[in-house]
1. I'd like to verify a number: residues in segment 8-28 that are more than 26 Å from residue 71 (Cα to Cα) and part of a loop (DSSP other than H, G, I, E, B), how many?
2. Restricting to segment 50-96, and then to whatever is touching a helix residue (DSSP H, G or I) at 6+ places or on another chain (Cβ under 8 Å) and either surrounded by 10 or more Cβ atoms within 10 Å (Cβ to Cβ) or at pLDDT 80 or above (or both), can you tell me which residue is farthest from residue 21 (Cα to Cα)?
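The values are calculated or read from the model by the stated rules, or taken from the named source; none is laboratory data. What you are looking at is a predicted structure, and each value in this text was computed from that prediction instead of being measured. Counting neighbours? That spans all protein chains shown, and the Cβs are built from the backbone with ideal geometry, glycine included.
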């Protein structure tokens, strides 16, 4: 596998043997916001789904295994709003934050 790593002043090219572990940061992609025309056009396009068996390369069919996921499970928002900067509101915010973090 050949990968490129962007450093501050140089792009470094690495060659790895498989299996390999690759991690990335949020800097890997700067998303572009689509225009309204692009959003409407995307809703009309057909979706093609491929399985891993459909994708092949010169070393044979690809297989993938997820070792771990570091993101917390998504939960519903509580919708609690504490407005103002009085001492009572700040204390209520701190108490609520402590309760949520200790769950």
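1. Summing the residues that are more than 26 Å from residue 71 (Cα to Cα) and part of a loop (DSSP other than H, G, I, E, B) in segment 8-28 gives 5.
2. 83
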